[in-house]
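Engineer: I have a structure I would like to understand better, so I am pasting it below and will then ask my questions one at a time.
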Amino acid sequence: EDQVTQSPEALRLQEGESSSLNCSYTVSGLRGLFWYRQDPGKGPEFLFTLYSAGEEKEKERLKATLTKKESFLHITAPKPEDSATYLCAVQAENDMRFGAGTRLTVKP
Amino acid sequence: NAGVMQNPRHLVRRRGQEARLRCSPMKGHSHVYWYRQLPEEGLKFMVYLQKENIIDESGMPKERFSAEFPKEGPSILRIQQVVRGDSAAYFCASSPNRALSTEAFFGQGTRLTVV
């Protein structure tokens, strides 16, 4: 069965303290891996799509990487406005399967 | 180009009533996904539809839940005889196609409360 596991469940950082979020997956026929940001009470906001191992994408302080078994979302010098839940999803044949998310809190 | 529109944003129903949640995909998008999210949990896949077709409903409860995406108009997620356990946020996402595995854009969700 397709599975997506995110770790840690929650992460508290000081402003400027870089770190990484992990998304490990088991899926047959991976079509793409997605990262979303979700703020409380809102829908997920698209960040990145990764399609093949070795691929990397960057957007401001965020960089996503992909291997055959996992993806990392690296956050460099985070700011309080980066606080949110970050969701990872894998797209297989007919649907996108989401992980439970990592709740990131960045303290000033 | 408006994003994915869901309405209502908030819906309160008494136990036993019906809930209808609507999702208008982005212009040009013909693929719709419905997800349910409980507090402090991730999104759980429910159903994947294309225009007039249900492609995958493996995440839908067998009873009381149904979904459609007619040729004209929004996609509808229908919950009959709601129970307290149906209280959750329901999100809809749309994408232009499946084959290219492009990103899916989400609506702001409908928060269903069953009292």
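Engineer: Given the criterion under 19 Å from A:Trp35 (Cα atoms), modelled with pLDDT under 90 and in contact with a Phe, Trp or Tyr (Cβ under 6 Å, 6 or more places away or on another chain), identify the matching residue among B:Glu103, B:Glu40.
Structural biologist: The conditions single out B:Glu103.
Engineer: If you take the residues in region A:20-35 that are more than 11 Å from every other protein chain (Cβ to nearest Cβ) and among the aliphatic types (A, V, I, L, M), which one is surrounded by the fewest Cβ atoms within 10 Å (Cβ to Cβ)?
Structural biologist: For region A:20-35, the residue satisfying everything is A:Val27.
Engineer: Right, next: Please specify each residue of region A:57-71 satisfying the condition of being surrounded by 13 or more Cβ atoms within 10 Å (Cβ to Cβ) and either closer than 19 Å to B:Glu103 by Cβ or within 14 Å of another protein chain (Cβ to nearest Cβ) (or both).
Structural biologist: Once the filter is applied, which keeps residues that are surrounded by 13 or more Cβ atoms within 10 Å (Cβ to Cβ) and either closer than 19 Å to B:Glu103 by Cβ or within 14 Å of another protein chain (Cβ to nearest Cβ) (or both), region A:57-71 yields A:Lys57, A:Leu62, A:Lys63, A:Ala64, A:Thr65, A:Leu66, A:Ser71.
Engineer: Out of the residues in region B:65-110 that are facing another protein chain (nearest Cβ under 8 Å) and in a strand (DSSP E or B), state the one that is nearest to the chain's Cα centre (by Cα).
Structural biologist: My answer is B:Phe91.
Engineer: Just to verify a result, which residue in region A:95-108, among those that are open to solvent by 40 Å² or more (accessible area, probe 1.4 Å) and not in a strand (DSSP E or B), is farthest from the other protein chains (Cβ to nearest Cβ)?
Structural biologist: A:Pro108
Engineer: Based on this model, can you work out whether B:Ser66 counts as at pLDDT below 90 and of a type outside the set (D, E, K, R)?
Structural biologist: no
Engineer: Among the residues of region B:17-40, are any away from every other protein chain (no Cβ under 12 Å), surrounded by fewer than 17 Cβ atoms within 10 Å (Cβ to Cβ) and either hydrophobic (A, V, I, L, M, F, W, C) or touching a Gly at 6+ places or on another chain (Cβ under 8 Å) (or both)?
Structural biologist: Checking region B:17-40: not a single residue is away from every other protein chain (no Cβ under 12 Å), surrounded by fewer than 17 Cβ atoms within 10 Å (Cβ to Cβ) and either hydrophobic (A, V, I, L, M, F, W, C) or touching a Gly at 6+ places or on another chain (Cβ under 8 Å) (or both).
The values are calculated or read from the model by the stated rules, or taken from the named source; none is laboratory data. Note that the coordinates shown come from a computational prediction; the quantities given were computed from them, not determined experimentally. So basically every Cβ, Gly included, is an ideal-geometry build from the backbone, and we count neighbours across all protein chains shown. To get the accessible areas, we keep the full protein, side chains included, count just its heavy atoms, and leave off ligands, DNA and RNA. Shrake-Rupley method; radii C 1.70, N 1.55, O 1.52, S 1.80 Å.
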